[in-house]
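Below is one structure, written out as structure tokens; the observations come after it.
The values are calculated or read from the model by the stated rules, or taken from the named source; none is laboratory data. Keep in mind that what you see is a predicted model, and the values were worked out from it rather than measured. Cβ placement follows ideal geometry from the backbone for every residue including glycine, while neighbour counts extend to all protein chains displayed.
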Amino acid sequence: DGGITQSPKYLFRKEGQNVTLSCEQNLNHDAMYWYRQDPGQGLRLIYYSQIVNDFQKGDIAEGYSVSREKKESFPLTVTSAQKNPTAFYLCASSIGGGEEKLFFGSGTQLSVL
Amino acid sequence: DQQVKQNSPSLSVQEGRISILNCDYTNSMFDYFLWYKKYPAEGPTFLISISSIKDKNEDGRFTVFLNKSAKHLSLHIVPSQPGDSAVYFCAASVRGDDKIIFGKGTRLHILP
């Protein structure tokens, strides 16, 4: 049963703490993405990766970091430098190479304690 | 600088009638457009797409129209059903770039 799995569903961060959101896909997709959704802001691109060991900044990369050591995994770390981390985070993947139909995970809601 | 704009935050339509959701874009390099549907606390699901070489694409109750000269696209849903109540996102990309830009979304309410 192919798809994208995000974990955890809910996550709480203390001030000054780094937290990592997990994203795993078994669709054999080359490209993976992280978006952030805030009320009234739509989906804003944080980072994306077109291939293993390579990634590019999106529109709001400050305060976030990613890695792409394996094709199926694209974890996102929300660092203490991100001053407003409360949001709904969505991971997605696509075949890549110009086929931009995205498949999304079910999201992680991050809140600050 | 918003490259994909959905200027209507919400829209209410009677069940059985046509729903028309609009989207404007500013980047003339965009050549591929997509519509996604999203329920609360879930990931968006793909609805329909259109390439810039076409001006219409139809899939069941969903039709997307593209007007390149006006940099405008619209999603038509007919007939509208209660399950269509959701937030609809317009998205655009440049083929080969893999970077996909979303609008802010339009919340569609289907009224009984």
TODO: Return a yes/no flag: does segment B:58-71 have any residue that is within 14 Å of chain A (Cβ to nearest Cβ) and either under 24 Å from B:GLY96 (Cα atoms) or charged (D, E, K, R) (or both).
DONE: yes
Open item on the list: So B:CYS90 ticks every box in (1) within 10 Å of the chain's Cα centre (by Cα); (2) part of a loop (DSSP other than H, G, I, E, B) but one. Which box is left unticked?
Closed with: (2)
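Going through B:ILE101, B:ILE110, B:ILE18 one at a time, which residue ends up being in contact with a Pro (Cβ under 6 Å, 6 or more places away or on another chain) and on the phi < 0 side of the Ramachandran plot?
Just one listed residue meets the conditions, B:ILE110.
This table checks each residue for (1) acidic (Asp, Glu); (2) over 10 Å from the mean Cα position of the chain (by Cα).
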{"residue": "A:ASP38", "(1), (2)": "yes, yes"}
{"residue": "A:ASN84", "(1), (2)": "no, yes"}
{"residue": "A:PHE103", "(1), (2)": "no, yes"}
{"residue": "A:GLY107", "(1), (2)": "no, no"}
TODO: Examine segment A:69-91 for a residue that is part of a loop (DSSP other than H, G, I, E, B), surrounded by fewer than 22 Cβ atoms within 10 Å (Cβ to Cβ) and within 8 Å of chain B (Cβ to nearest Cβ), and state whether such a residue exists.
DONE: no
Task: Residues being touching a Gly at 6+ places or on another chain (Cβ under 8 Å) and not hydrophobic (A, V, I, L, M, F, W, C) - total across segment B:33-46 - done: 3
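Please find, within segment A:92-103, the residue that is surrounded by the fewest Cβ atoms within 10 Å (Cβ to Cβ) out of those that are part of a strand (DSSP E or B) and modelled with pLDDT of 85 or more.
Across segment A:92-103, the extreme among qualifying residues is A:PHE103.
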Open item on the list: Tell me whether segment A:47-67 contains one or more residues that are buried (at least 22 other Cβ atoms within 10 Å of the Cβ), in a loop (DSSP other than H, G, I, E, B) and either of a type in the set (Lys, Arg) or within 11 Å of chain B (Cβ to nearest Cβ) (or both).
Closed with: no
Task: Exclusive hit being among the basic types (Lys, Arg) and within 17 Å of B:ASN27 (Cβ to Cβ), set B:LYS56, B:LYS104 - done: B:LYS104
- [ ] List the number of the failed condition for A:SER106; all other conditions in (1) within 14 Å of chain B (Cβ to nearest Cβ); (2) closer than 20 Å to B:ASP97 by Cβ; (3) surrounded by fewer than 16 Cβ atoms within 10 Å (Cβ to Cβ) hold.
- [x] (2)
TODO: Could you grab the pairs with beta carbons closer than 7 Å, sequence gap of 6+ or different chains, first residue in segment B:4-20 and farther than 11 Å from B:GLY103 by Cα, second one at pLDDT below 95 and in a loop (DSSP other than H, G, I, E, B)?
DONE: B:GLU15/B:PRO112
